[in-house]
Structure formats: structure tokens, C-alpha cells
């Protein structure tokens with residue numbers, strides 16, 4: 001049944017790639033906020049990736065950053081090739097309701113999963129105010145997509161090469177300071193960003209939803225690798241999440257658990273790079 | 001008549017000193033001569049208690065007699081009439097609690113080594129590369145979906161496909177076999193053997209779809225639109241933690257994760273395989289079951305200098321098979337008995353010490369085992385860098401949570417009629433750990449056998 005053919009590959013930014021994948025049985029089912037697990041090749045890891053887009057009859061769109069060996073290797077795959085396994089949809093879908101004004105914040109490769117949620121929220125007549133952040137202009141992705149589903153859109157870059165210089169939290173603070181009535185905030189991006197956004201909104205009592213990205217293995221609730229602490233309780237991000245109330249997340253624990261395999265990841269990358277430079281030299 | 005030999009013919013094993021440096025299988029299995037010698041010990045009882053001790057009702061004296069005569073192919077044929085996974089059962093069944101327990105010989109000495117003979121016959125046939133296919137019934141044009149490709153699902157599939165039904169197995173993970181591939185380690189059950197048995201079920205005609213998560217990719221209700229009946233055998237996949245302070249420190253794993261990384265993802269071959277695992281030097285495994293033994297022995301093979309079993313009762317109460325405890329002891333696993341972890345101490349997010357309390361045994365509890373009672377003020381600490389929590393797991397909630405009308409018990413198990421495997425939902429059957437909670441491979445297969453019979457009847461008659 002699984003086909004998993006890469007129909008289209010686009011490099012959105014250095015080391016950020018978009019795959020359109022033929023996976024009709026997942027496209028039929030996936031809802032905003034859910035994710036898939038991809039095992040691209042036999043010796044590869046199972047990688048959880050949020051879904052950027054999936055319209056009926058269309059491809060499954062995932063966007064990934066090449067941060068480790070498995071994603072680097074996957075990035076080498078070309079159109080027409082088949083990913084070994086694409087599993088999903090996994091996790092709980094976003095809570096879609098008519099909240100009012102929703103500020104949708106996406107940082108780096110956190111922007112893609114924000115897109116389908118913002119689109120769905122807009123469709124049910126929420127006012128969407130988006131804030132997109134990137135380190136630098138060249139790394140900002142999906143601006144056009146997000147513009148289409150937003151009533152207002154603001155951009156920040158760490159180095160000021162595009163939009164406002166600073167962080168997404170600076171824009172958020174500005175909007176709150178200007179008296180914007182915000183009913184809900186959705187923030188997806190690096191853990192440090194989601195933590196910072198939650199700290200900004202907490203004193204104002206603005207409900208803030210974050211989508212956590214801990215290390216996973218099976219993604220179906222079997223192993224507990226992805227355990228996170230929310231409101232003092234242990235949750236499995238893969239089946240209880242990935243979205244949680246940002247004000248209740250223990251971010252320090254998440255930081256620690258995301259770093260478990262740093263030394264092995266480095267070893268694996270070095271090996272990959274050696275093999276690939278040797279290949280070029282030979 | 002030959003004189004009675006009181007002991008089992010020994011099975012050669014990988015030398016203790018070498019074992020922990022590799023993941024190769026520990027017991028080597030019988031040679032033809034050894035198998036014949038062992039088979040000749042069977043008294044061919046008129047009333048064969050061993051058959052009654054087997055959850056899948058194998059004709060044990062029958063196949064053993066073929067072995068005794070050197071008719072290995074006939075032995076295999078007879079064995080597989082009742083058991084589609086003989087190479088697996090020969091390795092991981094607790095024969096000492098089932099067929100061998102009731103063997104008449106065990107009154108005067110050791111029982112016939114039924115498990116070893118089963119393994120021998122299955123391996124012998126596979127090594128000849130001429131696996132015989134049983135005769136199949138005429139196609140019924142009825143379709144059955146089997147959810148989960150563990151021992152229960154494979155048995156149901158094997159049985160129903162032979163009865164002429166069209167069977168599709170849906171597996172959530174990327175390799176079929178369920179606990180046989182993600183849980184039981186290579187050194188106890190080589191994955192090539194699981195693959196071989198799954199292939200046999202496929203050759204019989206069952207279709208296997210991997211990476212398909214029923215509950216997510218599609219629901220049981222949707223399956224019912226396309227299939228005449230559905231069997232749910234999704235196992236006990238939800239790991240338990242103790243809920244003690246510090247349990248989320250880095251270095252603390254559920255046994256499911258520790259074993260899945262090692263077995264399914266092949267983390268022991270890192271960096272050839274991309275999935276890493278913490279290779280701890282001082283590893284504590286909490287629990288006294290087979291999964292705990294598997295984890296402790298895995299830790300040694302991953303380079304642990306100390307691999308410790310932490311168990312709150314004494315060795316006599318351990319639920320693990322004696323054979324597994326013996327293997328663990330031989331390999332140098334240390335046993336901290338009457339010990340209960342109460343909290344963890346960490347540094348920079350990583351576990352460093354496990355604080356424990358000593359226990360003593362009190363009055364027998366509901367399980368008949370003496371209840372462990374904490375000794376006040378006996379707290380002490382054990383230095384650790386890796387901990388594996390192997391205290392059990394619950395039925396996988398994915399299917400129950402997404403299937404309206406499916407009655408679930410208080411432990412999250414699907415409620416079934418034990419005579420038929422029928423659930424509260426028409427057309428849906430269940431069996432194995434999803435119905436019973438974590439148990440054994442063979443009990444799951446027995447449940448699969450029972451359900452297959454009832455499913456066949458339901459499919460043919462439409463009567464629920």
C-alpha cells in the first residue's frame with residue numbers, strides 16, 4: 001500500500017528542503033497539527049516531521065532541516081526515489097475553534113507546521129496575525145504561503161537583514177503593548193523560542209499553544225522517548241501532543257532531553273561528512 | 001527397551017566468556033544425532049499430558065516420534081499443522097510451565113526437551129530450504145483484516161488463510177513481528193528467524209502491510225467496511241514508569257525504548273545504523289521478568305561494566321523464566337534483590353544515582369507471592385548512568401481509543417469472550433496481550449488460534 005515516492009524536491013533555503021510525497025492514505029487523514037514519522041532508508045532513524053500541507057488529492061508536503069545524519073542523507077534523495085517508510089498521521093490534531101484573534105508565530109522550520117493550522121483557523125473566521133522569525137533573510141521560508149493565510153504578517157530576523165531586527169517575541173511584545181486584543185497564541189519553532197513566547201504571554205493570561213519536538217522513536221506511544229512534563233505530569237508528546245499549553249511545559253527538561261545524543265549525533269555526522277568528502281575527492 | 005535417561009540431552013551454547021561481546025544467539029540448537037537421542041527419551045504416553053499443556057495443541061508425541069526415527073520432514077509437517085511459528089516457540093515458550101511441566105518423565109528426572117526438539121525440527125526444515133506448504137481450503141472470497149503482526153496476529157492470519165480466506169495484516173512499525181522484533185533481543189531470538197516465519201505466513205497467502213497505524217492511518221470502523229471481520233492483536237505496548245521523582249532524567253529508559261532502539265533500530269550497530277543508544281557503564285534494570293533479563297543482558301552487550309537487576313522481591317518470586325535468570329547470572333548480571341527505587345539524583349540533567357529502599361517479605365498477596373514491605377530508614381544509593389524501567393506494560397490504547405463500541409476493561413484491555421475472542425463489537429475479535437495484558441508469546445498464539453476458529457465460523461455463517 002505505501003508508495004512514498006518523492007514527487008518534487010525543492011531547496012527552500014540552505015539545508016532546508018521541501019518534499020512533496022505521494023502518500024494518499026495519509027493525505028486523506030491528516031489534520032492540522034499532526035505529524036508523520038519518516039524512515040528514509042534501511043539504516044536510517046525514524047524521524048518525526050510535522051506536515052506542512054496535505055490537500056485532498058494532492059501530495060503530502062514535509063519540510064525538513066538537515067540537522068543530523070539521517071536528515072542529511074534524506075536530503076540527498078531525488079525526485080522519483082521512494083522513501084522507505086512514511087507513517088502517519090500521528091499525534092493529536094490542533095484544536096480548531098473560533099477563538100477570535102490568533103497570533104501565529106513560526107520560527108525557522110517551525111513555520112511549516114504553523115501554516116496548515118493558520119489556514120484552518122482563518123477558514124473558520126479567526127483573525128490571523130502572523131509573526132515569522134529567522135536568523136537571517138536567506139533562512140526565512142514560506143513567507144508567501146503565510147501571507148495568504150494571514151490578515152496581518154510581521155517578520156523578524158536576528159541580524160536585521162529582513163523585516164524587523166530582533167526576535168519574534170519583540171514583535172509579540174509590541175502588539176501586546178499596542179493593546180491588540182489577542183485571544184490565543186500559537187507558537188512553533190525552536191524550544192528556546194517557544195519558551196520565550198510563553199514567558200511573554202503568561203503575565204497577560206493569553207492562552208498559548210506550543211508544538212513540542214522531543215526525540216521520538218516509534219511515534220505511536222510505545223517507547224516513552226518523547227516524554228515531556230506538562231503541569232507537573234509526564235506526557236508522551238507523540239500521543240498526548242505534540243501540542244501543549246505553553247505555560248505549563250517544563251522547558252528545562254525538554255532542553256536536557258533533546259541533548260541526550262549530542263555526542264553520538266556528532267560522531268554520526270563526522271562519519272557522514274568523511275564518507276561524502278572522500279567520495280568527492282575520489 | 002532403552003534404559004531411562006533422567007536428564008535432557010544438553011544443548012550446546014555459546015561460551016559464557018564470548019557471549020557478552022556479541023549479539024549472536026546463545027544456544028546453538030541440537031544436531032540431528034542429539035535430537036534423535038533426546039526424542040528417544042519420550043515414553044509415547046497413551047494419555048499425553050504434554051498436548052494438554054500446549055496452548056496450541058501440538059501433537060507432541062507424534063512429532064517427537066518422527067524425530068526419533070529420523071523422519072524430520074514428517075515431524076515438521078505435523079508440527080506446523082498446529083503451529084505456524086515453531087522456530088519462535090521452540091526458543092521463547094516457557095515450556096517448563098506448559099508441555100514439559102506435565103511430562104511424565106519430570107516425575108523421575110527431567111522432562112523431554114520438547115522446546116529444543118521443536119526448535120530443531122523448525123530449523124532443520126528451514127535450513128534445507130524446502131519449507132513445505134500445507135494444503136489450503138478453496139478460496140471463500142471473504143476478507144479478514146488482522147491488526148498487529150505479533151504472535152497473536154500471525155497465528156490468526158496463518159490459520160484463516162489456510163481456511164481459504166483472504167487475509168491482510170496491518171503493522172504499525174516498519175517491520176512485521178511485533179514484540180518478536182522490537183522486544184525480544186537478537187541473542188535470544190534472531191531476527192532472521194522471525195523474518196523467516198513471517199515469510200512463511202506470507203507464502204501461505206497472507207498480505208502484510210507495514211507502517212500502517214490502525215487507529216490513525218485508518219480506523220477499525222473503516223476496516224469493517226472493507227473486510228468481513230477484524231482481529232485486533234495490538235499487544236501491550238504502553239510502557240509503565242514508576243512515577244518517582246527524577247524519572248525523566250537523561251539516561252532513564254523504558255524497557256520498550258531500550259529494546260526497540262537496540263533490536264528494531266539496531267542501535268548496537270551504531271554508527272552503521274543511525275539510531276543511537278546510551279551505552280552505559282553502570283546500568284540498573286528495574287524488574288524481575290523476562291523483559292528485565294533481556295534488558296540487563298543487552299546492557300552487557302552494549303558495554304556495561306555493571307549490569308544490575310533491581311527487584312523488590314526475592315529471586316524465588318521473579319516472574320522471569322529460570323533459563324533467562326541462569327543466562328543472566330552466567331553472563332555476570334548482578335542481582336540487587338529486595339530493593340525498591342524511590343527516587344533519582346541527577347547532575348546536569350543526567351541520572352547519577354538511584355536512591356533505593358530495602359524490602360522484606362511479608363504475608364502473601366493476591367498473586368500468592370509474599371508481599372514486599374519497605375524497611376524504614378534503609379535508604380541507600382546506587383551509582384548509575386543508565387536505568388531501564390522494566391516493570392511491565394499496558395495494552396496499547398490506540399485501537400480502543402479510536403473504536404467506538406469496543407468495551408475496554410479497567411486496565412485498558414479489550415474485553416473478549418475467552419472461548420471465541422469476540423469483543424463487544426460485531427465483527428471485531430481480539431486476543432493476545434491487548435486482551436490479557438502483558439503475557440507470553442504462546443498464550444497470544446493460543447488466543448489467536450481460538451479467535452481464528454470463531455472468526456471462520458462467523459465469516460461463514462454471519463452469526464454473531
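No value in this document is a laboratory result; all are computed from the given coordinates. Keep in mind the model is a prediction, meaning the values are calculated, not measured. Here the Cβ is made from the backbone with ideal geometry for all residues, glycine too, and neighbour counts use every protein chain on show.
Here are the numbers for the structure shown:
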item	result
Inter-label distance for residue B:128 and residue B:305, nm, one decimal - labels placed 7 Å from Cα along Cα-to-Cβ	5.2 nm
Chain B - mean residue ellipticity at 222 nm from DSSP helices (-39,500 (n - 2.57) per run, n ≥ 4, rounded to 500)	-9000 deg cm²/dmol
Per-residue mean of C-beta atoms belonging to partner chains within 10 Å, peptide B:173-186	2
Percentage relative contact order, chain A, counting C-alpha pairs under 8 Å, at least six apart	16 percent
Estimated [θ] at 222 nm from DSSP helical runs (n ≥ 4, -39500 (n - 2.57)) normalised by residues in chain A, nearest 500	-8500 deg cm²/dmol
Normalised per residue, the volume of the convex hull around the Cα set of the stretch A:93-201 (Å³)	88 Å³
Hull volume in cubic angstrom per residue (convex hull over the Cα atoms of the stretch B:217-265)	136 Å³
Chain B: relative contact order as a whole-number percent, Cα under 8 Å and 6+ apart	15 percent
Rounded FRET efficiency, nearest 0.05, which uses the C-beta distance separating residue A:271 from residue B:140 and R0 of 45 Å	0.25
Packing-based ranking, highest mean first, of A:13-24, B:82-93, B:148-159 given that Cβ atoms within 10 Å are counted	B:148-159, B:82-93, A:13-24
Highest to lowest packing among B:241-253, B:418-430, scored as the average C-beta count within 10 Å	B:418-430, B:241-253
Cβ neighbours within 10 Å from other chains - mean over A:258-267	4
With eigenvalues of the C-alpha gyration tensor scaled by 5 and rooted, chain A, Å	30, 20, 20
For the stretch B:142-287, the spread of Cα positions along each principal axis, largest first, Å	54, 31, 27
The stretch B:293-341 - percent relative contact order, Cα under 8 Å, separation 6 or more	52 percent
Ratio of Rg to Rh over the stretch B:251-382 (Cα coordinates, Kirkwood Rh, two decimals)	1.00
D_trans [Stokes-Einstein, Kirkwood Rh over alpha-carbon pairs] for chain B, 25 °C, 0.890 mPa s, µm² s⁻¹	106 µm²/s
Distance cut-off 14 Å, percentage of C-alpha pairs in the stretch A:5-90 lying past it	59 percent
Ratio Rg/Rh, restricted to the protein assembly as shown and using Cα atoms, in which Rh is the Kirkwood radius	1.00
Averaged over B:213-226, number of beta-carbon atoms from partner chains that fall within 10 Å	3
Calculated on alpha-carbon atoms, Rg and Dmax of the stretch A:129-282 in Å	18.5, 62
Chain lengthening between residue A:5 and residue A:152 when straightened (0.36 nm per residue, less Cα-Cα)	49.3 nm
Inter-probe distance in nm under a simple model that places probes 7 Å from Cα toward Cβ, at residue B:203 and residue A:78	3.8 nm
GNM top mover of A:133, A:224, A:241 - chain A, alpha-carbon springs below 10 Å	A:224
Kirkwood Rh, Cα atoms: Rg over Rh of the stretch A:212-263	0.94
Sites residue B:334 and residue B:371, calculated FRET efficiency, Cβ-Cβ separation with R0 25 Å, nearest 0.05	0.55
Packing rank of B:344-353, B:200-209, where each peptide gets the mean count of other beta carbons within 10 Å, highest leading	B:200-209, B:344-353
Two-site FRET efficiency, residue B:381 against residue B:18, from Cβ-Cβ distance with R₀ of 30 Å, rounded to 0.05	0.35
